[in-house]
Amino acid sequence: MERKKVFAASNVTLSVVLVVALVGMVNWLGSRHYVRGDWTSSKLYSLSEKTRNVLKGVNADVRVVVLMTPSTPLFSETKELLQRYQAASPRLKVEFIDPERDPLRTRALAKEFSVSTANTVVFASGDRKKYVTSDQLADYDYSGMQMGQAPRMKGFKGEEQFTAAILGVVNPKVPKVYFTTGHGEHDPDGMGQEGYSQLKDGLKRDNLDVQKTSLLSGTVPADCDLLVVAGPTAPFADTEKAALKAYLDKGGRALVMLDPVLGDRSRPSGLEDLVKGYGVQVDNDLVVDPGRRLPFFDLSAVYVSDFRSHPVVDGMQGLAVLLPVARSVTTTAAAGATSAILLTTSDQGWGETDLASILAGKPVAKDAKDVAGPVSLGVAAQSDKDKEKGWRLVVFGNSAFAANGQVANAGNINLASNAVNWLVERQEALGIAPRSPEQVQLFLSAAQMRNIMLISLVGMPACAIGLGVALWWRRRR
């Protein structure tokens, strides 16, 4: 009898040990081989193909330090997204620090990384550092504040910001972007509505060095990776045009934004004929689109949501761009050039060539002299002989869309940054758009609230008690 008890106890002990070992083995395998799911409708936590390509190319260790308290807005989104980054690349080491619970560690890290702003995510690799603050992680809708409502998050930009920061610390080369001056162009340092300071800040976050230059010397700076001509209102001199042509012929890259020539304050830049030799035709007109007219805007404001197939706009499906005043820009045949249309108006749009009537405030209508719709508003061109290292050119018929007063509208910043990234050959940074979070609200009537209370406070305990009584009665029998 004693041997049977010992044998039974040994079997039970062995079974428990085997079960514990099996559970431990399953957990060990699960911690190393697992699949993450994302059940949000907007795929808020899913990494885009662009980000995965960036992470595959990371060859150096990247340290990510999150200085946030769990109560900080966007902490849960930030933590979940960065854990997915870490799972996709073993080179990323993510550390979460709670400033309230660990103030000494927080102060030490703040001193080490020179952090002066609360709620900051630090990316570091070697001696290079990039910072993403909480206010850069989301776009908010403040329209409800007049009604006493809290700001509503309309776009989560975590992936866009984190991927740009990783690129900034792992890429040793910092491309230089030069803005031309001397012709009334938008100023990259300008803080007003017409300035480009917000675009400049975005380019700096993408690890680009922004400078200004004059072409009157007859040459483009030798270290120029991209030349930007942002809405000139005065003509370029012959020496300047010759410098730009020589720069492109040597494999240079240029982003040219030319506004319609309206009134005495604006004159043709003289670049229209130059870009035509590279497969881009800029017309002297004003684009209108009655089919996409916006409230509180006149017909000259063009709302664009039709994008063609090209790396500059491939990631913009579902977004839109607002061009306040635009002229048509389309493709044309040119030796040694390949060009493609980027975005167009609707079929109802056209390019109005009677600018005198527009300036006089007279009504206009589409006729045979106008450019028929859908009207092209932007073109990307490149050398057909050397598509990797040859010249590249992007031309838009508007420059105000990237200015401080408009760059936050719709997908304007995406269009500008995508054009820059394609021109400097940073394809992996293209097309990461903000994700729209789910806004789920549940409204319950008084009767429904009462039923939920009765079920949770009375029904569920009663079921447990009833089940216990039934088991007790069955055992007595």
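Points to keep in mind about this one:
- Ala340 vs. criteria in a strand (DSSP E or B), on the phi < 0 side of the Ramachandran plot and crowded, with 17+ Cβ neighbours inside 10 Å: yes
- Checklist (1) touching a residue at least 24 places away in the same chain (Cβ under 8 Å); (2) open to solvent by less than 40 Å² (accessible area, probe 1.4 Å) applied to Arg292, failing item: (2)
- Candidate set from region 357-372 (those that are surrounded by fewer than 16 Cβ atoms within 10 Å (Cβ to Cβ) and modelled with pLDDT under 85); member that is nearest to Gly291 (Cα to Cα): Ala365
Listed here are the residues, each with its yes/no results for (1) farther than 26 Å from Glu159 by Cβ; (2) of a type in the set (Asp, Glu).
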| site | (1), (2) |
| --- | --- |
| Leu271 | yes, no |
| Val280 | yes, no |
| Arg292 | yes, no |
| Asp298 | yes, yes |
| Val304 | no, no |
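- Identity of the residue in region 341-377, over 32 Å from the mean Cα position of the chain (by Cα) and of a type in the set (Val, Ile, Thr), that ends up nearest to Ser305 (Cα to Cα): Val371
- Residue among Lys241, Lys245, Lys204 that alone is closer than 23 Å to Gln382 by Cβ and either of a type in the set (Phe, Trp, Tyr) or within 32 Å of the chain's Cα centre (by Cα) (or both): Lys245
- Test result for Gly155, surrounded by fewer than 18 Cβ atoms within 10 Å (Cβ to Cβ) and at pLDDT 85 or above: no
- For Leu299, the conditions (1) surrounded by 16 or more Cβ atoms within 10 Å (Cβ to Cβ); (2) in contact (Cβ under 8 Å) with a residue 12 or more places away in the chain are fulfilled apart from (2).
- Residue within region 190-209 that is assigned to a strand (DSSP E or B) and either open to solvent by 20 Å² or more (accessible area, probe 1.4 Å) or free of Cβ contacts under 8 Å to residues at least 12 places away in the same chain (or both) present: yes
- Lys129 surrounded by fewer than 12 Cβ atoms within 10 Å (Cβ to Cβ) and free of Cβ contacts under 8 Å to residues at least 60 places away in the same chain: no
- Selection count, region 241-273, where residues are closer than 14 Å to Thr219 by Cα and in a helix (DSSP H, G or I): 9
The values are calculated or read from the model by the stated rules, or taken from the named source; none is laboratory data. Small disclaimer: the values here were computed from a predicted structure and weren't measured. FYI the Cβ positions are ideal-geometry reconstructions off the backbone, even for glycines, and counts take in every protein chain you see. Remember, those area values only see protein heavy atoms, side chains included, never the ligands or the DNA or RNA. Shrake-Rupley method; radii C 1.70, N 1.55, O 1.52, S 1.80 Å.
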